[in-house]
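Trainee: Next up is a structure, given as structure tokens.
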Amino acid sequence: MKINHLYLFVICFLVFSCNAQTSPAVKTVDVASYSEKIKATPNAQILDVRTPEEYATGHIENSDNVNWLSDSFVLRTDKYDKTKPVFVYCKSGGRSIKASEKLAELGFTTVYNLDGGMLKWEAAGLAKPDTKIIGVCPQEYAELLKSDKKVLVNFYAPWCAPCKKMEPYILKMQKEMADKVVVIRLNADENKTIMQELKISELPTLVLYENKVIKWQKSGFVSEEDLKNQLQ
């Protein structure tokens, strides 16, 4: 009986694993490959699946804004040719992989998903130069680093899941360790200029300075304990 139960468990696990796999129609590619494939594709179908507000702050040239979070996403994709490649991207890659899977489900045969999204695209210098300063400029950022204490800069975004998870203890440290560390939080969406200047392509990103010199930098989730150890 135990063997039968084990056999059933293995079968269920394999079925679930297979169903969880990415569709073969979806190909997640790095920023360089994504750019080259767009150039090599006449009249490329490029879908920016972010919100209209995000799209307005800057986007890949000739892209269409088809908001993944909108109820009309499926309806709005009907006008695209399912037999030709479609290029999909968002801010960091989370929404675009979901949108890509949906497009494959709808019958699109080749879907290219941009790994790292617009953050990677901008960090690679592929975005059109923007003379408008968004958020703090490099000079203002340098002023923020002037302190006899350590300075921790936390780049985050409201939509970023790891950022939300880290926010409570970063805010707690901002108060409890104020005598040792200056903690500065910068919304990536509202500080695009310095994000591009520092080539920050992932969120969250933490940068620890001492005497205006970078002593430690980390992108991605950092536990409360590990962060405390860095700040000691």
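Trainee: Per residue, how many Å² of accessible area does the chain show with a 1.4 Å probe?
Mentor: Values: 13270 Å² over 232 residues.
Accessible surface, normalised per residue, equals 57 Å².
Trainee: Let me ask you something else. Quote the FRET efficiency, to the nearest 0.05, computed for ALA161 versus LEU126 with a Förster distance R0 of 30 Å and r equal to the Cβ-Cβ distance.
Mentor: That pair, ALA161 with LEU126, gives E of 0.70.
Trainee: If packing is taken as the average number of other Cβ atoms within 10 Å across a peptide's residues, how do 94-106, 36-48 rank, most packed first?
Mentor: Going from most to least packed, we get 94-106, 36-48.
Trainee: Would you please give the residues with an amide H less than 5 Å from that of TYR209, counting only those at least 5 places away or on a separate chain, with H modeled from the backbone geometry?
Mentor: When sequence neighbours closer than 5 places are left aside, the close amide H contacts are VAL151, LEU152, VAL153, LYS215.
Trainee: Count the DSSP beta bridges whose two residues both fall in the chain, then state the antiparallel fraction as a percent rounded to the nearest 5.
Mentor: 35 percent
Trainee: Which whole-Hz couplings ³J(HN,Hα) result when phi for each residue of segment 22-30 is put into the Karplus expression 6.51 cos²θ - 1.76 cosθ + 1.60, θ = phi - 60°, listed in order with x for Gly and Pro?
Mentor: Listing the rounded values in order: 5, 4, x, 6, 9, 10, 8, 10, 6 Hz.
Trainee: May I pose another question? With N denoting the number of residues in segment 95-232, provide Rg(C-alpha) divided by 2.2 N^0.38 Å, to two decimal places. If you can, show how the numbers build up before the last one.
Mentor: Working: Rg = 17.2 Å, N = 138, 2.2 N^0.38 = 14.3 Å.
For segment 95-232, the normalised Cα radius of gyration comes out at 1.20.
Trainee: Using a simple spin-label model with points 7 Å from Cα along the Cα→Cβ vector, what separation in nm is obtained for GLN174 and GLU190?
Mentor: 1.0 nm
Trainee: Go through LYS79/LYS192; LYS165/LYS192; LYS27/LYS79; LYS91/LYS218; LYS128/LYS218 and tell me which ones have a Cα-Cα distance over 30 Å in this structure.
Mentor: Long pairs (Cα-Cα over 30 Å): LYS79/LYS192.
Trainee: Starting from 0.36 nm per residue, how many nanometres of slack lie between SER223 and ASN65 once their C-alpha separation is accounted for?
Mentor: Here the answer is 53.4 nm.
Trainee: What list of ³J(HN,Hα) values in whole Hz, one per residue of segment 78-95 in order, does the Karplus curve 6.51 cos²θ - 1.76 cosθ + 1.60 (θ = phi - 60°) give from phi, with Gly and Pro shown as x?
Mentor: Working through the residues one at a time gives 5, 7, 8, 7, 6, 8, 10, x, 10, 9, 10, 8, 9, 6, 9, x, x, 6 Hz.
Trainee: Under 10 Å, Cα contacts only: if you run a Gaussian network model on the chain, which one of LYS149, LYS192, LYS79 comes out with the highest mean-square fluctuation?
Mentor: Answer for the Gaussian network model of the chain: LYS79.
Trainee: To the nearest 20 Debye, how big is the dipole of the chain about its Cα centre, given +1 on the beta carbon of each Lys and Arg and -1 on that of each Asp and Glu?
Mentor: Working: 31 positive and 29 negative charges, 74 e Å.
For the chain, the charge dipole is close to 360 debye.
Trainee: Distance between the C-alpha centers of segment 100-127 and segment 33-61? Whole Å please.
Mentor: 8 Å
Trainee: May I pose another question? Which three extents, in angstrom, do the Cα atoms of segment 160-203 have along their principal axes, listed largest first?
Mentor: 31, 23, 14
Trainee: Oh, and also: Can you classify the chain as rounded, prolate or oblate using the Cα gyration tensor, where a ≥ b ≥ c are the square roots of its eigenvalues, rounded means a/c under 1.5, and otherwise it's prolate if a/b beats b/c and oblate if not?
Mentor: Because a/c hits 1.5 or more and a/b fails to exceed b/c, the chain counts as oblate.
Trainee: Would you please give the residues with an amide H less than 5 Å from that of LEU47, counting only those at least 5 places away or on a separate chain, with H modeled from the backbone geometry?
Mentor: Distant-sequence amide H within range of LEU47: ASP64, PHE87, VAL88, TYR89.
The values are calculated or read from the model by the stated rules, or taken from the named source; none is laboratory data. Treat the numbers as computed from the prediction; the structure is a model and nothing was measured. Heads up, the Cβs are rebuilt from the backbone with ideal geometry, glycines too, and the neighbour counts pull from every protein chain shown. What goes into the accessible areas is simple: the full protein's heavy atoms, side chains included, and nothing from ligands, DNA or RNA. Shrake-Rupley method; radii C 1.70, N 1.55, O 1.52, S 1.80 Å.
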